[in-house]
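Visitor: If you scroll down you'll find the structure; I have some questions about it.
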Amino acid sequence: TEFFSLVTYLGNGFVLALTVLPALFLFDRRGFRRHVLAMVLAAAFSGLLVTAMKVAVGRERPPAYFERAEVAIHVPGTVPVDRSFPSGHSQVAFAIAVYLSCMYRSFAPVFLLAAAAVGLSRIALGVHFPFDVLAGAVFGGGFSLLGYFLVIKRQKLAHLGAGD
């Protein structure tokens with residue numbers, strides 16, 4: 001539980017912004033300039049979609065769902081008050097992990113494993129169902145793939161226009 005309580009913070013957008021953006025700026029300024037806007041927008045737009053879906057779907061979190069069957073789910077700390085589907089932590093973690101995986105393919109297993117650990121932490125901590133995590137991962141990762149490939153396409157068009 002302690003491990004997952006720490007890992008789950010890697011799905012917090014504020015925590016990722018404070019760690020990933022400065023590291024990217026320090027170690028790859030060219031990549032930072034080229035990709036930071038698209039990466040942030042991919043995370044933000046997929047986050048807006050996840051927020052809207054939470055309201056539209058309205059699925060209860062596991063403790064509330066299982067309480068009716070008189071099954072207690074222990075959640076360390078407090079149970080989040082918003083709805084369960086889809087997982088916002090998984091969405092953010094996968095949005096950043098997939099984008100970074102596209103930029104630095106040799107590190108993709110590390111990024112994706114970290115994001116998967118965030119998703120697993122949300123289930124292990126009792127605040128999400130597995131499908132919540134899967135949906136969050138698909139939305140975050142999907143928006144990041146779109147954002148990354150739009151940046152690459154724009155760069156190729158710019159090179160063609162410049163006669164390169």
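Visitor: When the accessible area of the chain is computed with all protein chains present and a 1.4 Å probe, what percentage of it is carbon and sulfur?
Guide: Result for the chain: 71 percent of the exposed heavy-atom area is carbon or sulfur.
Visitor: On the Cα set of segment 60-133, report Rg and Dmax in Å, please.
Guide: Considering segment 60-133 through its Cα atoms, Rg and Dmax are 14.4, 47 Å.
Visitor: Only Lys, Arg, Asp and Glu count, each charged at its Cβ (+1, +1, -1, -1), so figure out the dipole size of segment 1-115 about its Cα centre, rounded to 20 debye.
Guide: For this selection, approximately 560 debye.
Visitor: Taking only C-alpha pairs under 8 Å that are 6+ residues apart, what is the relative contact order of segment 70-156 in percent?
Guide: Reported as a whole number, the value is 41 percent.
Visitor: Just grab the label-to-label distance for residue 51 and residue 37, each label 7 Å out from Cα along the Cβ direction, in nm (one decimal).
Guide: 2.2 nm
Visitor: Turning to a different aspect of this structure: Using only alpha carbon pairs under 8 Å that are at least six residues apart, calculate the relative contact order of segment 1-128 and give it in whole percent.
Guide: With pairs under 8 Å counted, the relative contact order is 39 percent.
Visitor: Please work out the FRET efficiency for the pair residue 81 and residue 3, using the Cβ-Cβ distance as r and a Förster radius of 25 Å; give the result to the nearest 0.05.
Guide: Efficiency computed from Cβ-Cβ geometry: 0.50.
Visitor: Same structure again: Could you sort 122, 33 by their accessible area in this structure, using a 1.4 Å probe and putting the largest first?
Guide: Result, largest first: 33, 122.
Visitor: Report the label-to-label distance for residue 110 and residue 44 in nanometres (one decimal), using points 7 Å from each Cα along the Cα→Cβ vector.
Guide: So the two model labels end up 2.8 nm from each other.
Visitor: Once fully extended, how much extra length lies between residue 25 and residue 131, figured as 0.36 nm per residue of separation less the alpha-carbon to alpha-carbon distance?
Guide: 34.7 nm
Visitor: So what is the accessible area of the chain per residue, in Å², with the probe set to 1.4 Å?
Guide: Ligands and nucleic acids excluded, the result is 58 Å² per residue.
Visitor: Still on this structure, I have one more. Tell me, what does the Kirkwood hydrodynamic radius of segment 1-47 come to in angstroms if you use every pair of distinct C-alpha atoms?
Guide: 11.8 Å
Visitor: Between segment 11-90 and segment 105-160, what is the separation of their alpha carbon centroids in Å?
Guide: 11 Å
Visitor: If you take the alpha carbon radius of gyration of segment 10-136 and divide it by 2.2 N^0.38 Å, what ratio comes out, to two decimals?
Guide: 1.15
Visitor: I would also like to ask the following. Grab the eigenvalues of the alpha-carbon gyration tensor for segment 27-91, scale each by 5, take roots, and send me the semi-axes largest first in whole angstrom.
Guide: Over the Cα atoms of segment 27-91, the ellipsoid semi-axes are 35, 14, 7 Å.
Visitor: Report the full-extension gain for the segment residue 155 to residue 60: residue separation times 0.36 nm, less the Cα-Cα distance, to one decimal in nm.
Guide: Full-extension gain reported as 29.8 nm.
The values are calculated or read from the model by the stated rules, or taken from the named source; none is laboratory data. A quick note: this is a predicted structure, and the numbers were derived from the prediction, not measured. Counting neighbours? That spans all protein chains shown, and the Cβs are built from the backbone with ideal geometry, glycine included. Calculation scope for accessible area: heavy atoms of the full protein, side chains included, ligands and nucleic acids excluded. Shrake-Rupley method; radii C 1.70, N 1.55, O 1.52, S 1.80 Å.
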